[in-house]
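Please treat every number below as a calculation from the coordinates, not as lab data. All of these numbers come straight from a predicted model, not from anything done at the bench. Positions of Cβ are generated from backbone atoms using ideal geometry, with glycine treated the same way; all protein chains shown enter the neighbour counts.
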Amino acid sequence: MPTRPGASPSDPILAAIDRAPRVQRLTPAQRAELERDVADIAAGRARLVAHEDLPRALEELARAQDE
């Protein structure tokens, strides 16, 4: 069952989240934070960065915060 109604099945990250087993290892606060993060990703409000691009993205973020 998709976690996001109307989600695009072509998004591999969100599709993987949909396929992940559902277990209750998170606290309610952690679960709420995760659900907000997933909603942000689904709505395009999160900047997704490939693993190999993470160092550069973190440097850019640090520079932007210093300005």
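Here are the numbers for the structure shown:
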quantity: Residues that are part of a helix (DSSP H, G or I) and closer than 23 Å to D11 by Cβ, drawn from segment 43-55; calculated: H51, E52, D53, L54
quantity: Selection within segment 14-35 - surrounded by 10 or more Cβ atoms within 10 Å (Cβ to Cβ) and not aliphatic (A, V, I, L, M); calculated: D18, Q30, R31, E33, E35
